[in-house]
Amino acid sequence: ESLAIVGESGSGKSVLTKSFMGMLDGNGHIDCGTIRFDGENIAAYTTEKEWLKIRGKRIAMVFQDPMTALSPLMPVGKQIAETLHQGLRGRAAKQRAIEILRNVGIVNPEKRYKQYPHEFSGGMRQRVVIAIAIACNPEILICDEPTTALDVTIQAQILHLLRDLQKQYGLTLIY
């Protein structure tokens, strides 16, 4: 399924979705209420260890600005391989990262694996951020304005890609 959360700029959409992953800023906290995920109240989590059970593995996020989401000091392929929590290391992690790059529409992923974010266009960087988010096969993918900084043609491509990945990976999407 897909869910869209809408509201004015500054109304708290991003803060709300960050609360689903325990990523609130230091001054943020949940006062009351529950966030139910798979029968468990994740709003009651208090430790990083608890959040790490779901963050990235079961719930992942695509941030709106790929330049701040990606490290400029590391090749994009290594950034994807680093997120794999399925016990993959070395060559196996690299092969899986290349496969994921291919799945998100990066042409020549073997070459692109070794390149840095500044060598990619805005749309390609956003595809890399999506690749990182889906690397661990999450159940829910939160897309925090994934097309904000992109031109209209690329926006349509990214939205089409997200729909395709939703079908391929069986994702629930929250926009």
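The values are calculated or read from the model by the stated rules, or taken from the named source; none is laboratory data. Everything numeric in this text was worked out from a predicted model, so none of it was measured. FYI the Cβ positions are ideal-geometry reconstructions off the backbone, even for glycines, and counts take in every protein chain you see. The accessibility values were calculated without ligands, DNA or RNA, using every heavy atom of the protein model including side chains. Shrake-Rupley method; radii C 1.70, N 1.55, O 1.52, S 1.80 Å.
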Checklist outcome for this item: Within the set K94, K114, K57, GNM on the chain using Cα springs under 10 Å gives the largest fluctuation to K114
Checklist entry - In a GNM of the chain with a 10 Å cut-off on Cα contacts, which of E48, E145, E82 has the highest mean-square fluctuation? => result E48
Next on the checklist: Sequence gap at least 6, Cα distance under 8 Å: using those rules, report the relative contact order of the chain to the nearest whole percent.
Outcome noted: 28
Item to check | Gaussian network model of the chain, Cα within-10 Å springs - most flexible of G22, G12, G77 | outcome: G12
Item to check | Sequence-distant residues sharing a close amide H with C143 (under 5 Å, placed H) | outcome: V62, I174, Y175
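Multiply the residue separation of A44 and C32 by 0.36 nm, subtract the distance between their alpha-carbon atoms, and state the gained length in nm to one decimal.
Values: separation 12, 0.36 × 12 = 4.32 nm, distance 0.94 nm.
Length gained, A44 through C32: 3.4 nm.
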Item to check | Alpha carbon centroid spacing (whole Å) that separates the stretch 1-66 from the stretch 114-175 | outcome: 18
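With only Lys, Arg, Asp and Glu charged, each at its Cβ (+1 for the first two, -1 for the last two), find how big the charge dipole of the chain is about the Cα centre; round to the nearest 20 debye. The partial results should precede the final answer.
On the way: 21 positive and 18 negative charges, 181 e Å.
Using Cβ point charges on Lys, Arg, Asp and Glu, the chain gives about 860 debye.
How far, in nm, would the chain grow between M23 and S71 when pulled straight, counting 0.36 nm per residue and subtracting the alpha carbon separation? Please list the in-between numbers first.
Numbers: separation 48, 0.36 × 48 = 17.28 nm, distance 1.84 nm.
So the extension gain works out to 15.4 nm.
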Checklist entry - H118: accessible area at probe 1.4 Å, nearest 10 Å²? => result 130
Item to check | Within the stretch 24-47, backbone nitrogen closer than 15 Å to the virtual label 7 Å beyond the Cα of E139 toward Cβ | outcome: 35-43
